[in-house]
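Asks: Can you read through this structure? Questions will come right after.
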Amino acid sequence: MADRVTVIGWDGSPLTAAARAALSAATLVAGAAHHLALPEVPATAERIRLGSIDLAARRIAGHRGSAVVLADGDPGFFGVVRNLRAPEHGLEVEVVPAVSAVATAFARAGMPWEDAQIVVAHPRTLRRAVNVCRAHHKVAVLTSPGAGPAELALLLEGVHRTFVICEELGTAREQVTVVTSDKAADHVWRDPNVVIVIGGGPEQQSTGSWIAGRHPQGVRGWALPSDAYLGSATDPEGDSGEGESPGLRAAQLARLGPRTGDLVWDIGSGSGALAVEAAGFGAAVLAVDSDPDACARTAAAARAFGVQLQVVQGRAPHVLERLPEPDVVRIGGGGVPVVTAVADRRPERIVTHASTRDEAEALGAALAENGYTVECALLQSVELDTAAWSERERSVVFLLSALRSDLAP
């Protein structure tokens, strides 16, 4: 094992005294081509081009002497430190940090970033990174080849955002470009780059900033009473729609489990209650309804609760054909044709409900035939008038929850 392993972050500025001292004693130096060309790298040191971190770690583990790994930005922030410290390599490292690429990007943009979400986009995770950009006002995306600004823009089709694209930060070729998301796909961008994605709602106010990347403020709790989402300007009386009692909504959300990086379809959004609460968990949400008044209620509820979601007016199942791939879906109505159309898109989880056992059996059979493991529960709730402790309202509904069979335990 190497006698000493030092990881040095490089942000384009002159190396610190600690970094120069570690390099001067190095007998092995690993890094990208531009790192190995630095004049401080000893001519006698063995040099390793960083491609596979695991291969480099094995070479370092077998080296006798002092090893240095050079990396862009802060190597402890989505960088090589985690890989080098993995148990299979057994490397203990010292770190000389630099300014992270994210911090540099926001500095170039002249923007605060304690309220930003930060994601890494690879081809395999690009869709989830896009979902975060759909759901949040400010997102920094650390891109990679095949998952850069153009690919982000293409998957954000129909969602307006502003891109601040920072190319080759810290080098002589550094460039910062501001474009709208619909224009980003028209250019070829140089790697490495960081994309700051802005839009879709108000920026967090300084008075609410006490925790990074989150907005723990506003109404406390979820599965709120239906009337909390009603009374918009387009429908002063309000109508919660089919199956939107707080108890059923709570059960649906519990089985869907929406989370950051997910895309939720809420088909038959009604008042927007479930869509808004799913967005409150950090998921991206497409709220679908054929009724323009329901779409207006959902948009108004989203504004009132300060969450980002996209409202799509159209009738299922036909409107679903042009929507991006979902992770979890709540179906508020439409029967077997809608359930079948949703199952064809292979989301991880689907929840729906029925008012009769025959309807529940038909929906459950359609889900099972399309490769889902189905559970059904009869939910009964009774609301009491606490002044007289008498029954005020009774609700009975069949809740169906389906998990894609290849994910079932």
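Asks: Would you work out the relative contact order for the chain, in percent, from Cα pairs under 8 angstrom that are 6 or more residues apart?
Replies: 10
Asks: Hey, another quick one. Got a sec to turn the phi values of region 184-191 into Karplus ³J(HN,Hα) couplings, 6.51 cos²θ - 1.76 cosθ + 1.60 with θ = phi - 60°, whole Hz, x for Gly and Pro?
Replies: 5, 6, 8, 10, 9, 10, 7, 8
Asks: Please identify the chymotrypsin sites (Phe, Trp or Tyr not before Pro) of region 365-409 that satisfy two criteria: DSSP loop assignment and at most 14 other Cβ atoms within 10 Å. Which are they?
Replies: Taking region 365-409 and a limit of 14 other Cβ atoms within 10 Å, the loop chymotrypsin sites (Phe, Trp or Tyr not before Pro) found are TRP389.
Asks: Still on this structure: Enter the angle in degrees (range 0 to 90, nearest 10) between the Cα long axis of helix 126-135 and the first principal axis of the Cα atoms of the chain, meaning the one along which they spread out most.
Replies: 60
Asks: Based on DSSP, what percent of beta bridges with both residues in the chain are antiparallel, to the nearest 5?
Replies: Close to 50 percent.
Asks: Can you work out the Karplus-derived ³J(HN,Hα) for every residue in region 98-109? Use 6.51 cos²θ - 1.76 cosθ + 1.60 with θ = phi - 60°, whole Hz, and x for glycine or proline.
Replies: Those phi angles translate into 9, 5, 5, 4, 5, 4, 5, 4, 5, 5, 5, 7 Hz.
Asks: Also: Output the 0 to 90 degree angle, nearest 10, between the alpha-carbon long axis of helix 246-256 and the longest principal axis computed from the alpha carbons of the chain.
Replies: 40
Asks: With the dipole of the chain worked out from charges on the C-beta (+1 for Lys and Arg, -1 for Asp and Glu) around the Cα centre, which of PHE305, ALA284, ALA37 lies farthest toward the positive end?
Replies: Value: ALA37.
Asks: So, in nm, how far is label LEU154 from label HIS34 when the simple model puts each one 7 Å beyond its Cα toward the Cβ?
Replies: 2.5
Asks: Next up: Relative to the compact globular guide of 2.2 N^0.38 Å, what is the alpha carbon radius of gyration of the chain, as a ratio?
Replies: In units of the 2.2 N^0.38 Å rule of thumb, it is 1.20.
Asks: Which value in nm describes the separation of the simple spin-label points at ALA250 and ASP3, placed 7 Å from the Cα toward the beta carbon?
Replies: According to this spin-label approximation, the distance is 6.5 nm.
Asks: Which one of LEU152, ILE198, ALA61 is farthest out on the positive end of the charge dipole of the chain, using unit charges on Cβ (Lys, Arg +1; Asp, Glu -1) and the Cα centre as origin?
Replies: The residue sitting most towards the positive pole is ALA61.
Asks: If you don't mind, another one. Label GLN313 and ARG345 with points 7 Å out from Cα along Cα→Cβ: what is the distance between them in nm?
Replies: 2.0
Asks: Over region 1-85, what is the relative contact order in whole percent, taking alpha-carbon pairs under 8 Å and six or more residues apart?
Replies: 46
Asks: Could you check what % of the DSSP bridge pairs in region 277-392 are antiparallel, to the nearest 5?
Replies: Roughly 20 percent of the DSSP beta bridges within region 277-392 come out antiparallel.
Asks: I've got another one for you. Let's test the formula: R0 of 45 Å, r as the Cβ-Cβ distance of VAL178 and THR44. What FRET efficiency results, to the nearest 0.05?
Replies: 0.50
Asks: Assuming 0.36 nm per residue, please report the length gained on full extension of the stretch THR16 to HIS187 beyond their Cα-Cα distance.
Replies: Extra length available between THR16 and HIS187 comes to 57.9 nm.
Asks: Also, quick follow-up: Length gain on complete extension for the stretch THR171 to GLN380, per 0.36 nm per residue less the alpha carbon to alpha carbon distance?
Replies: Stretched fully, the THR171-GLN380 segment lengthens by 68.8 nm.
Asks: At 1.4 Å probe radius, can you tell me the per residue accessible area of the chain in Å²?
Replies: With all protein chains present, the chain gives 48 Å² per residue.
Asks: Given a 10 angstrom Cα cut-off, can you work out which residue in GLU167, GLU46, GLU383 is the most mobile in a GNM of the chain?
Replies: Evaluated over the chain, the most mobile residue of the options is GLU383.
Asks: OK, next. Using θ = phi - 60° and the Karplus curve 6.51 cos²θ - 1.76 cosθ + 1.60, what whole-Hz ³J(HN,Hα) does each residue of region 146-163 get, with Gly and Pro shown as x?
Replies: 3J(HN,Hα) across region 146-163, in whole Hz: x, 9, x, x, 5, 5, 4, 5, 5, 6, 8, 3, x, 10, 7, 9, 9, 9.
Asks: Search the structure for amide H atoms under 5 Å from the amide H of ALA30, placed 1.01 Å from N in the peptide plane, and list their residues when 5 or more places away or on another chain.
Replies: Distant-sequence amide H within range of ALA30: ILE48, VAL68, VAL69, LEU70.
Asks: Taking the Cα atoms only, what angle lies between the long axis of helix 292-305 and the longest principal axis of the chain, rounded to 10 degrees?
Replies: So the helix axis and the longest Cα principal axis differ by about 50 degrees.
Asks: Follow-up question, since we're still on this one. Going by average Cβ density within 10 Å per residue, which order do the peptides 271-279, 331-339 take, highest to lowest?
Replies: Taking the mean over residues of other Cβ atoms within 10 Å, the ranking is 271-279, 331-339.
Asks: OK, next. With r as the distance between the Cβ atoms of ALA212 and ARG59 and R0 = 45 Å, compute the FRET efficiency 1/(1 + (r/R0)^6) and round to 0.05.
Replies: 0.80
Asks: Run the dipole for the chain about the Cα centre, Lys and Arg Cβ at +1, Asp and Glu Cβ at -1, nothing else charged, and hand back the magnitude in debye, nearest 20.
Replies: Charge dipole, the chain, about its Cα centre: 1440 debye, nearest 20.
Asks: Round to the nearest 0.05 the FRET efficiency obtained for SER52 and THR125 when R0 = 22 Å and r is the Cβ-Cβ distance.
Replies: In this case the efficiency is close to 0.75.
Asks: Of ARG82, ARG161, ARG392, which is the most mobile in a GNM of the chain whose springs link Cα atoms less than 10 angstrom apart?
Replies: Maximum fluctuation in the GNM of the chain, among the listed residues, is at ARG392.
The values are calculated or read from the model by the stated rules, or taken from the named source; none is laboratory data. Please read these numbers as outputs of a predicted model, since none were measured by experiment. Positions of Cβ are generated from backbone atoms using ideal geometry, with glycine treated the same way; all protein chains shown enter the neighbour counts. Each accessible area value is taken on the protein alone, full model and side chains, heavy atoms only, with ligands, DNA and RNA left out. Shrake-Rupley method; radii C 1.70, N 1.55, O 1.52, S 1.80 Å.
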